[in-house]
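The values are calculated or read from the model by the stated rules, or taken from the named source; none is laboratory data. Since the model is a prediction, treat every value here as computed from it, not as a measurement. All Cβ positions, even for glycine, are placed from backbone atoms using ideal geometry, and neighbour counts span all protein chains on display. Note: areas computed on protein heavy atoms with side chains; ligands, DNA, RNA excluded. Shrake-Rupley method; radii C 1.70, N 1.55, O 1.52, S 1.80 Å.
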Amino acid sequence: MGTAISSSTRQGKGAERNAFSGSARRQIRTELAAWFRANGRDLPWRRTTDAYAVLVSEFMCQQTQVATVVDYYERWMRAFPAVRSLAEADEQAVLGHWQGLGYYSRARNLHRAARMVMERHDGEIPADPVLLKALPGVGDYTAAAVMAFAFDRPAAVVDANVARVLARLCDYREPIDSARGKAFLHDAAAGLQAGRGGAREFNSALMELGAIICKPRTPLCPECPIRDACRTRAPEALPIKRARPVVTMVTERRAFISDGERVFLAQSSARWRGMWMLPEVDEPGALGHVEIYPITRYRVRMEVVRMRPPEDGTLRAFPLAALDAVPIPSPHRRVIRALATAGRSMHRAA
Ligand code: SF4
């Protein structure tokens, strides 16, 4: 077990009570592995043990569904096939390849991590959880994933799918998102693994079981390879989570400024730093569009007004036909597409 990932001080109190015997653990591993070899999805990052490729896939899969990530991952690996090519890319190109995935801090952190790997580790992703966690954007989970999937070292890789499987398998009836719950899951995941070897397959299989069999609302227990070991009698009621924070509604007003050929955008220095967005305005104007989108615990109502091109040069004009290459947050891109298309229709009708 990697030193930074496993720690006896993190032992959840219920872990010992819920521990499986040695033969039960072996049985679970054997059944899971056989099932995974026959049923695991062929995902591109499962075909490689290249640590950089694993790191990219892990950054992308944070907060984004696997089915969405596949295309982005393949395009990214064509554009930046190695740590060096990513480290040498400029930020606009990096953000451009990320656009559509959202949560752009992930792209910036991955970019900074690549530069740090070049500077500190001679271009090699370190096989050490402490050094991995010193990289921007790499926490316990991502470090564990790289250790297991790239280096095949035992590590507790507990994502949402694995957490659900373990809570049900162990019939864990406390909130899994509390410190105690997280410690319990970590120990349960670590405790099920073999001492050495097989971490890649075991963690992939557990994750896959959560994704396609032990589903959140409708677990397919009759098809489950580890149903004999599973302790819950009410899988739909697990896992238990703490109450969610209340979603807050906020309104922002932005301007769609276009002369029919170009759109005028402002560069963000805040949440979407470095990306190009519809400029924020205070003035009233004819409402052209309303876009509602979620950000963390907020729900943003973006009211978009049409305005004339400015004369003070504070905004940059981009040709509408070339916007694919410009890093623009998805909600803003959707508004531009909708209003540019509506504008063209109006011009044609006239
Ligand atoms: S038996 Fe059902 S609840 Fe238990 S791990 Fe399998 S799918 Fe999940």
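Brief remarks on what is shown
- Qualifying residue in segment 282-291 (condition: at pLDDT 90 or above, assigned to a loop (DSSP other than H, G, I, E, B), open to solvent by 80 Å² or more (accessible area, probe 1.4 Å) and away from the ligand (no atom under 16 Å from the Cβ)): no
- Some residue of segment 151-166 being open to solvent by less than 40 Å² (accessible area, probe 1.4 Å), over 21 Å from the mean Cα position of the chain (by Cα) and either aliphatic (A, V, I, L, M) or within 12 Å of the ligand (Cβ to nearest atom) (or both): no
- Filter pass, Tyr141 being modelled with pLDDT under 95 and closer than 29 Å to Pro331 by Cβ: no
- Looking only at residues of segment 167-200 that are open to solvent by 10 Å² or more (accessible area, probe 1.4 Å) and in contact with an Asp or Glu (Cβ under 8 Å, 6 or more places away or on another chain), we find that the one that is farthest from Arg244 (Cα to Cα) is Gly197.
- Taking the criterion of being over 21 Å from Ile212 (Cα atoms), open to solvent by 20 Å² or more (accessible area, probe 1.4 Å) and not small (Gly, Ala, Ser), the residues of segment 19-59 that qualify are Phe20, Arg25, Arg26, Thr48, Thr49, Asp50.
- Residue, least open to solvent (accessible area, probe 1.4 Å), within segment 60-107, restricted to residues that are part of a helix (DSSP H, G or I) and charged (D, E, K, R): Arg106
- In the set (1) within 9 Å of the ligand (Cβ to nearest atom); (2) open to solvent by 30 Å² or more (accessible area, probe 1.4 Å), the condition left unmet by Arg271 is number (1).
- Of all residues in segment 298-346, those being touching a Gly at 6+ places or on another chain (Cβ under 7 Å) and within 26 Å of Val247 (Cβ to Cβ) number 3.
- Only one of the listed residues (Val165, Val157) is at pLDDT 95 or above and part of a loop (DSSP other than H, G, I, E, B). That residue is Val157.
- In segment 232-257, the residues that are of a type outside the set (Ser, Thr, Tyr), open to solvent by less than 20 Å² (accessible area, probe 1.4 Å) and within 16 Å of the ligand (Cβ to nearest atom): Pro235, Leu238
- Here the condition is being within 21 Å of the chain's Cα centre (by Cα), surrounded by fewer than 16 Cβ atoms within 10 Å (Cβ to Cβ) and outside the structural domain of Pro294 (by TED's automatic domain parsing); of Pro129, Pro136, it holds for Pro136 alone.
- Some residue of segment 227-237 being aliphatic (A, V, I, L, M), in the same structural domain as Thr49 (by TED's automatic domain parsing), touching a Leu at 6+ places or on another chain (Cβ under 6 Å) and in contact (Cβ under 8 Å) with a residue 40 or more places away in the chain: no
- Selection within segment 203-227: residues that are farther than 26 Å from Ala155 by Cβ and either more than 8 Å from the ligand (Cβ to nearest atom) or of a type in the set (Asp, Glu) (or both). The member of this set that is surrounded by the most Cβ atoms within 10 Å (Cβ to Cβ) is Glu223.
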